[in-house]
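Down below is the structure, laid out as structure tokens.
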Amino acid sequence: MTYRSICPYARLPLDRGVAALVDGEQVAVFRTDGDELYAVSNLDPFSGAMVMSRGIVGSRGDRPTVASPVYKQVFDLATGVCLDDPTVRLRVHDVRVHDGIVEVAFQTEALSA
Amino acid sequence: MRKTLVVVGHGMVGHRLVELAVERGLTAEWDVVVHAAESVPAYDRVGLSSWFRGTTSAELSLVPEGFFDAPELDLRLGDPVVAVDVDARTVTSAAGTVTPYDALVLATGSTAFVPPVPGATGPGRLVYRTLDDLEQIAAAAAGKRAGAVVGGGLLGLEAADALRSLGLETTVVEFAPRLMPVQVDEAGGQALRRLVEGLGVRVRTSASTQAVEETGDRLRMVFAEGEPLEVDLVVFSAGIRPDDALARAAGLMTAERGGVLVDEACRASAPDVYAVGECASAAGRCWGLVAPGYDQAAVVVDRLLGGASSFEGADLSTKLKLMGIDVASFGDAHAETAGALELVWADPVAGDYRKLVVSDDTRTLLGGILVGDASAYPLLRPMCGTEIAGNPADLVLPAREGQPAGIGAAALPASAQVCSCRDVSKAEICSAVAQGGCRDVAGVKACTGAGTVCGSCVGLVQDLVRSELDAMGVSLSTALCEHFDLSRAEMFEVVRVKGIRTWSELLAEHGRGRGCDICKPTAASVFASVFNDHVLGGDKGSLQDTNDHMLANLQKDGTYSVVPRIPGGEVTPEHLIVIGEVARDFGLYTKITGGQRIDLFGARVEQLPLVWQRLVDAGMESGHAYGKSLRTVKSCVGSTWCRYGVQDSTTLAIELELRYRGLRSPHKVKMGVSGCARECAEARSKDVGIIATENGWNLYVGGNGGFRPRHADLFLSDVDTETLVRITDRILMLYVFTADRLQRTAPWIEGMEGGLEHLRAVVVDDTLGLCAELDAAMARHVETYRDEWAETLADPEKLARFTSFVNAPEVPDPSIAFVPERGQIRPARPDEKPLVAGPVLPIRELRSVRA
């Protein structure tokens, strides 16, 4: 698993997302509730638009969430599962801060199609 | 020893069978091998036409990512079964694998029927059945002008919709004297025809296609009567034929009119062989709908588990939305029951047709047809066969003004089936609420499955939940969401009285959790209404929905549209030129809005500040098209130019628009000012409408266009401009203070105890002593208004959000693609886009797994 540098940690706005381009793939990175970090696919599976980074973050029960800005489906940021339709899921990526730099790594699911 | 179930065919019914095998535990002892002829897993064939409107094949897929990863499931895509040996109990696939089975289910579906006329096959002649067919249709339609669909039934109209959305001049050719002859009667067919023609699709009924001739690079359709028709392509959608070739070759019995003959257990004429779905002839016929196929799948799984359920026919009721037109037919729609009576209500102008079939004593509902407005279908279908309480005419007449619709969920018998897809009765839903503890639709969906398939019963489920909670004495919570027990109005009061200015303070003192997409934008709106601070200031940026966050309107492809304010619709040539130059320089699609301004589409996030810098430099400001706030004050030219105008409507409209611009409110607010009673500004369809009189102005409130149109009610007559503005100030501010989240003024007033009279008492007679406060609040708003785009451009921190990629701000989003149309851009449809890199499409992952 290889971590790719994204940006300085300070570039992440609190309780919002940013989009990043990693190996040609769009990733949405969120900083929520102080210092929790999440990274998921930027593709909204319901609209097909690359917009998940622009969703509103929050929580449902204990789960950290992001809502699609298009049709408002809510996703669990930790697992990527859509809480309004569990048959749909966002890909989830590993994210960490290393030496003040946010880094993302793709989990080892089949990338090639 | 594990047993093997082989399923031949992975369509909707084949996949349902696999799902049921997993859900009901059959896979504890059985392995399931599925052979699919198509190269993609099961998809929603019913929703096929949405592919042309941009729904991707991935979105149509019925198979959740990872579903077939289970070791007991094996999906073999693109590898159809070519032979069945019922003696050796094996199947042989095209790839040459031989698989022994303990049970075999044929779910091969059907093929499109192409009438045997000369020239029915060849280039430009297509069918409409599979995703592959759609791709071929899209390819054949590229650059072409006209297309015809042979068949005016359900699939034919879907195919016509597809051709229409591909930009072709489309003609539907139907052999019968009307469209959808199976589902609707003559009058219903006429209503449907008017609606279809209203969409620009030509209709030829009683047309028997005799031949399709090639004329150069076009096609000429020749009919038994009438003029021939020149087109570029012909799509045959004239019915389906069961795909029973495999069964015939295996020596299984088939029905006279085709289809694998099966008994009530869906068993074919060889041991342990079953057939389900459109390839089967069950209970005397082939069933061309998905619901009976699902029932058959359930019967087979039950039998394999040792059960004794049986398939004895199905309800052929259907409700469809074809080209946006509702068509429903249920029960004995053609009044074939002896002595049956028909109750018909028709509005030929609106294209609304409703027919109910009742028993000869008018007591029992037998069936019906709805065309145009099928909203009563979910309620009527379950009432079929039951006694009607009250006058049956109430069931078919539209709701009259001032009266609620004649029927409600309470009228349904307990045994009535509410959700036909999942077979859930009213009693089950009520008990999920009463005993199961469900408190909302989402809970009932999760608990009973009702409303989870086609969704047409969700409104009815909602009514049932409400009436059941009422009956239990449980009052519906006004809490915004799980994070706040406050209603929007209560949150407004708390913020205003306590002077809470930040989200963190509000959440800490009155909420819990981290908030969500309901409470955060509500809080942001309340902060803006009360303090009129910048919507992106402090921690408020994190609360805003993407529209308010980007100060622009998100469109379906992830780009935004930009609307500069054009007060009262009055615009100088200089401003028009700047708007035109900006649109040209940034390549934006330009369209005039209904609110008399100009919308510029297709701007990427990183372009928004550049676009706005130009507009602001030219003296323009935000139009707040993205906000829940005042949109426009539409006007006519009034007495200044018009021969009939009696007051200066344009000046008043501009004055009002500049006064209320930027006022954040529970929902959007639209206004209009007409200079005379001819009402050219359509003011009575607005939240606040003003119509000039000889003596001054008439003020109307609570109008609404859109989904639930409503004319505004007269509130004041013949008042002067000062009174008009004062009262409008108070109405708007009271609305901001007290309305619910996303509640327009019409339901706000309707929901007030005392209604319009109460509103008048509060804002005119000041019976609550609120007016001074409302006046002060509006004065503060007017005084503190600033253009939020100009302020954003001046603040580097606020500008940081307008970045495509945090690690590659110079790279525009590569997923955004446009194609030219009528001299401008439009978003590329999925089939027009180069495949965007990304591993997220479940279909492609499955392919790679099984390759």
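Observations on the structure shown:
- Helix-derived mean residue ellipticity, 222 nm - over chain B, DSSP H n ≥ 4, -39500 (n - 2.57), to 500: -9000 deg cm²/dmol
- Exposure rank, largest accessible area first [B:601, B:818; 1.4 Å]: B:818, B:601
- Cα centroid of region B:550-623 to Cα centroid of region B:94-132, whole Å: 50
- Evaluated at q = 0.08, 0.09 Å⁻¹: base-10 log I(q)/I(0), Debye formula over Cα of chain B: -0.91, -1.14
- Dipole magnitude for chain B: computed about the Cα centre from +1 point charges on Lys and Arg Cβ and -1 point charges on Asp and Glu Cβ, it is near 800 debye.
- Of the GluC sites (Glu not before Pro) in region B:722-772, those whose Cβ has at most 15 other Cβ within 10 Å and which sit in DSSP loop: B:753
- Hz values of 3J(HN,Hα) by residue in region B:498-507 - Karplus curve (6.51, -1.76, 1.60), Gly and Pro given as x: 8, x, 6, 10, 10, 5, 4, 5, 4, 5
- Share of Cα-Cα pairs in region B:653-719 lying beyond 18 Å, as whole percent: 35
- Listed by chain and number, the lysines placed with their C-alpha closer than 21 angstrom to that of residue B:634 are B:591, B:668, B:670, B:686; residues fewer than eight positions away on the same chain are left out.
- On a per residue basis, region A:1-106 carries 37 Å² of accessible surface, using protein heavy atoms and a 1.4 Å probe.
- Residue B:366 accessible area, assembled protein chains, probe 1.4 Å, Å²: 40
- Residue B:710 - accessible surface, heavy atoms, 1.4 Å probe, Å² rounded to 10: 60
- Region B:473-523 and region B:1-78 have Cα centres spaced 44 Å apart.
- Cα lying deepest toward the dipole's positive end in chain B, options B:560, B:234, B:206, charges on Cβ: B:560
- Of the trypsin sites (Lys or Arg not before Pro) found in region B:115-164, those in coil by DSSP whose Cβ has at most 15 other Cβ atoms within 10 Å are B:145.
- Rounded to the nearest 20, the Cβ-based charge dipole of region B:55-186 about its Cα centre (Lys and Arg +1, Asp and Glu -1) stands at 680 debye.
- Cα Rg, Dmax, region B:114-238, angstrom units: 13.4, 40
- Positive-end residue, the protein assembly as shown charge dipole about Cα centroid, Cβ charges, pick of B:623, B:449, B:590: B:590
- Note on region B:488-544: the C-alpha convex hull projects to 3.3 nm² when averaged across all orientations.
- Three semi-axes describe the equivalent ellipsoid of region B:510-612; taken as square roots of 5 times the Cα gyration tensor eigenvalues and ordered largest first, they are 30, 16, 12 Å.
- The protein assembly as shown - Rg over Rh from alpha carbon coordinates, Kirkwood radius: 0.97
- Over region B:1-41, the hull volume per residue, using the convex hull of the C-alpha atoms, is 55 Å³.
- Placing unit charges on the Cβ atoms only, positive for Lys and Arg and negative for Asp and Glu, gives the protein assembly as shown a dipole magnitude near 920 debye about its Cα centre.
- Taking a straight line from the alpha carbon of residue B:498, these lysines sit under 21 Å away, with near neighbours fewer than eight places off in the same chain left out: B:520, B:540.
- The residue among B:335, B:114, B:603 whose Cα reaches farthest toward the positive pole of the charge dipole of the protein assembly as shown, with charges on the beta-carbon of Lys, Arg, Asp and Glu, is B:603.
- A convex hull fitted to the Cα coordinates of region B:261-379 yields 133 cubic angstrom per residue.
- Straight Cα distances below 16 angstrom link residue B:445 to the lysines B:426, with same-chain residues fewer than 8 positions distant left out.
- The listed residues B:486, B:73 rank as B:486, B:73 when sorted by accessible area, largest first, using a 1.4 Å probe.
- The GluC sites (Glu not before Pro) of region B:763-823 that DSSP puts in a loop, and whose beta carbon has at most 15 other beta carbons within 10 Å, are B:810.
- Counting only heavy atoms of the protein chains and using a 1.4 Å probe, residue B:644 has close to 100 Å² of accessible surface.
- Across chain A, counting alpha-carbon atoms alone, Rg and Dmax equal 13.0, 38 Å.
- In order through region B:186-200: 3J(HN,Hα) via Karplus (6.51 cos²θ - 1.76 cosθ + 1.60), integer Hz, x for Gly, Pro: 4, 5, x, x, 5, 4, 4, 4, 4, 5, 5, 5, x, 8, x
- In this structure the amide hydrogen of residue B:266, modeled in the peptide plane, comes within under 5 Å of the amide hydrogens of B:311, none closer than 5 places in sequence on its chain.
- When B and A come together, around 3500 square angstrom of accessible surface is lost from both chains combined, probe 1.4 Å.
- For the set B:752, B:1, B:550, solvent exposure ranked by accessible area (probe 1.4 Å, protein chains only) runs largest to smallest as B:1, B:752, B:550.
- Kirkwood Rh, Cα atoms: Rg over Rh of region B:107-180: 0.95
- Annotation: amide H of residue B:555 within the under-5 Å range of B:560, B:561, sequence separation 5 or more or interchain, hydrogens built in the peptide plane.
- Quarter the surface of the alpha carbon convex hull of region B:629-786 and you get the mean projected area, 8.7 square nanometres.
- Under 11 Å, Cβ to Cβ, from residue A:17 - net charge with Lys/Arg +1 and Asp/Glu -1: +3
The values are calculated or read from the model by the stated rules, or taken from the named source; none is laboratory data. What you see is a predicted model; the values in this text were computed from it and never measured. FYI the Cβ positions are ideal-geometry reconstructions off the backbone, even for glycines, and counts take in every protein chain you see. Calculation scope for accessible area: heavy atoms of the full protein, side chains included, ligands and nucleic acids excluded. Shrake-Rupley method; radii C 1.70, N 1.55, O 1.52, S 1.80 Å.
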